[in-house]
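The values are calculated or read from the model by the stated rules, or taken from the named source; none is laboratory data. The structure presented is a predicted model; accordingly, all values stated were derived computationally and were not measured. All Cβ positions, glycine included, derive from the backbone under ideal geometry; neighbour counts span all protein chains shown. Each accessible area value is taken on the protein alone, full model and side chains, heavy atoms only, with ligands, DNA and RNA left out. Shrake-Rupley method; radii C 1.70, N 1.55, O 1.52, S 1.80 Å.
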Amino acid sequence: MATPKAIGAIELSSIGVGYQVEDDMLKAASVDILIARTICSGKYLIVVGGGVSDTETAVQTGVTNGGDAVIDHLMVANVHPMVFPALGQSVVLGPEEPGALGIIETFSGVSVLAASDVAAKAARVTLLRIHVAMAMGGKGLCLMTGTVADVRQGVQSAAEEVRKRGLLVSEVVIPRPSRELFGDYL
């Protein structure tokens, strides 16, 4: 799969409706499933990637067909390419790379995707990990690193995006984190 230009996501309150919506989205447009699974607490999350118009069509189809089961949804055209490796948890840092640590925590998986894209576009940060809703009570988590100034800008911009949705749990910047905090990434 080539790196998608757009990302779309739908969070649903019903697992059964989630499966149906996933099928509808795949039949409506040429998109790739990036994530499709049950998440805490008994919800279903679908994240797709592809061309802008196909992703938009898939999300619109999902929102329409999901009806009252749709909790939140997202469509980001021209998504920052750093979102995909962080979402796949495949970012590895060299021993000299980590700087400040920025953390955005959200009440939904969909909102953390929006926050991550905004952070990557607003500042020169490296997105380390985007953790979407699994084993976290349905929350989203984005970790980023870079200079203190860049991480502050990235976190601030991401927090503003999530605050608009009313779904911000926390925004944290740790200027000089201990090396152990980056243990999974070095």
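May I ask you to list the residues in region 18-29 that are within 25 Å of residue 139 (Cβ to Cβ) and surrounded by 18 or more Cβ atoms within 10 Å (Cβ to Cβ)?
Scanning region 18-29 gives 18, 21, 22, 25.
Suppose we keep only residues that are surrounded by fewer than 18 Cβ atoms within 10 Å (Cβ to Cβ) and of a type in the set (Gly, Ala, Ser) within region 37-54. Which one would you say is nearest to residue 84 (Cα to Cα)?
The first filter runs over region 37-54 and keeps only residues surrounded by fewer than 18 Cβ atoms within 10 Å (Cβ to Cβ), leaving 37-38, 40-42, 51-53.
Pick out the ones that are also of a type in the set (Gly, Ala, Ser) and you get 41-42, 51, 53.
On the way: 41: 24, 42: 25, 51: 14, 53: 19 Å.
Selected residue: 51.
Taking residue 109 as the residue in question, decide whether it is under 11 Å from the mean Cα position of the chain (by Cα), open to solvent by 50 Å² or more (accessible area, probe 1.4 Å) and among the small types (Gly, Ala, Ser). Walk me through it before giving the result.
On the way: under 11 Å from the mean Cα position of the chain (by Cα): yes; open to solvent by 50 Å² or more (accessible area, probe 1.4 Å): no; among the small types (Gly, Ala, Ser): yes.
No: the conditions fail for residue 109.
Among the numbered conditions (1) out of contact with any Pro (no Cβ under 7 Å at 6 or more places or on another chain); (2) of a type outside the set (Val, Ile, Thr); (3) over 20 Å from residue 129 (Cα atoms), tell me where residue 32 comes up short.
(1)
This table checks each residue for (1) touching a strand residue (DSSP E or B) at 6+ places or on another chain (Cβ under 8 Å); (2) assigned to a strand (DSSP E or B); (3) more than 28 Å from residue 125 (Cβ to Cβ).
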position: 17; (1), (2), (3): yes, no, yes
position: 23; (1), (2), (3): no, no, yes
position: 32; (1), (2), (3): yes, yes, no
position: 35; (1), (2), (3): yes, yes, no
position: 90; (1), (2), (3): no, no, no
position: 93; (1), (2), (3): yes, no, no
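Taking into account only those residues within region 123-165 that are of a type in the set (Gly, Ala, Ser), open to solvent by 10 Å² or more (accessible area, probe 1.4 Å) and not in a helix (DSSP H, G or I), which is modelled with the highest pLDDT? Even if it seems obvious, please write down each step before you answer.
Taking region 123-165 as the starting set, the residues that turn out to be of a type in the set (Gly, Ala, Ser) are 123, 133, 135, 137-138, 140, 146, 149, 154, 157-159.
With the extra rule that they be open to solvent by 10 Å² or more (accessible area, probe 1.4 Å), the set shrinks to 123, 135, 137, 146, 149, 157.
Retained after the next criterion (residues that are not in a helix (DSSP H, G or I)): 123, 135, 137, 146.
Details: 123: 94, 135: 62, 137: 68, 146: 91.
Across region 123-165, the extreme among qualifying residues is 123.
Tell me the residue from 57, 64 that is in a helix (DSSP H, G or I), open to solvent by 60 Å² or more (accessible area, probe 1.4 Å) and among the β-branched types (Val, Ile, Thr), please. Don't jump to the end; show me each part of the working.
Values: 57 fails: open to solvent by 60 Å² or more (accessible area, probe 1.4 Å).
Sole residue among the options that is in a helix (DSSP H, G or I), open to solvent by 60 Å² or more (accessible area, probe 1.4 Å) and among the β-branched types (Val, Ile, Thr): 64.
Give me the pairs: first residue in region 62-76 and closer than 18 Å to residue 7 by Cα and in contact (Cβ under 8 Å) with a residue 40 or more places away in the chain, second residue outside any strand (DSSP E or B) and open to solvent by 80 Å² or more (accessible area, probe 1.4 Å), beta-carbon distance under 7 Å, and six or more apart or on different chains, which are they?
Short answer, once both residue conditions are applied: 75/56.
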